[in-house]
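To start, the structure under review is shown below, and the notes come after it.
The values are calculated or read from the model by the stated rules, or taken from the named source; none is laboratory data. A quick note: this is a predicted structure, and the numbers were derived from the prediction, not measured. Here the Cβ positions follow ideal geometry from the backbone for every residue, glycine too, while neighbour counts run over all protein chains shown.
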Amino acid sequence: MNILLRKNIFRIFLVFFILELGPQSYSSAQHITPLPRMSSASLWVYSEEVPGNEKYSPRAALEKTALFIISGMVFGWKFEYTPSDKARNVPEYFSIEPITEISPENPNFSLSHIQNKTPRLYGRAEFIYDEAALQSFTYWNSIIFKTSEGRGYGERRDETAGILQAYTNALKQAVREYARTIEKNKPKEIRGDMKLKEEPRLFADQGQVIAEVRVLLNIKEIVPYTVF
């Protein structure tokens, strides 16, 4: 059997195989998302304490921030959000709780490439996926969740707390922006899950730290003020 004949037979077989699968199965096979090996994020904190704060540890601050970000990238958070309502005298409220909090002792977590470039300490957080992380990845990729973006601010003088506050405020803004698109009337409360879609950004400007995030949102419950 010559080479040309073998190629023609292979092409006929391939066409027959695709037709047997059907266009939907072939399309699905083309769009299977490969399982990741890890999640990683570059980050920084201040390497110099605010005057008067002698207990500040840049290395501890970097680790705390790294765990916050990498937990949000791998597993995400549960959140509750209450929009402010001046007419009802209701203040804005937002809280997050890790779905699965990554411990600094977790062998799959690492913090490397640490460099002190005054006034910042840089590092790279990594988490090698285990079974639980792969289950989380599969869940967040099994449904087309909504995407939203947010920007948040924190105070430089608050050091680590200011950086984490900037990230948290950015997450709150992402929920707030999405809430405005789904509810004509302001809800009493919104509950759900959220996960960082990609590595967040952090920069400084005039005594403030500013965080920018993109998230996936799974809105589980919207509580209206009046229930009929």
**Prompt:** Within the stretch 31-42, can one find any residue that is buried (at least 19 other Cβ atoms within 10 Å of the Cβ) and touching a helix residue (DSSP H, G or I) at 6+ places or on another chain (Cβ under 6 Å)?
**Reply:** yes
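Conditions tested, residue by residue: (1) over 20 Å from residue 71 (Cα atoms); (2) surrounded by 17 or more Cβ atoms within 10 Å (Cβ to Cβ); (3) charged (D, E, K, R).
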{"site": "171", "(1), (2), (3)": "no, yes, no"}
{"site": "184", "(1), (2), (3)": "yes, no, yes"}
{"site": "198", "(1), (2), (3)": "no, no, yes"}
{"site": "201", "(1), (2), (3)": "no, no, yes"}
**Item:** Test for residue 215: is it more than 23 Å from residue 86 (Cα to Cα) and either at pLDDT below 95 or buried (at least 16 other Cβ atoms within 10 Å of the Cβ) (or both)
**Value:** yes
**Message:** Take the residues in the stretch 138-167 that are in a helix (DSSP H, G or I) and aliphatic (A, V, I, L, M); name whichever of them is nearest to residue 212 (Cα to Cα).
**Reply:** 166
**Request:** Collect the residues in the stretch 144-157 that are touching a residue at least 24 places away in the same chain (Cβ under 8 Å) and more than 14 Å from the chain's Cα centre (by Cα), keeping them in residue-number order.
**Result:** 152, 153, 154, 155, 156, 157
**Item:** Count - residues of the stretch 64-114 that are crowded, with 19+ Cβ neighbours inside 10 Å, over 16 Å from the mean Cα position of the chain (by Cα) and not in a strand (DSSP E or B)
**Value:** 1
**Message:** For the stretch 185-203: of the residues being modelled with pLDDT of 95 or more and aliphatic (A, V, I, L, M), which is farthest from residue 72 (Cα to Cα)?
**Reply:** 202
**Asked** Residue check: is residue 143 at pLDDT below 95 and crowded, with 20+ Cβ neighbours inside 10 Å?
**Response** no
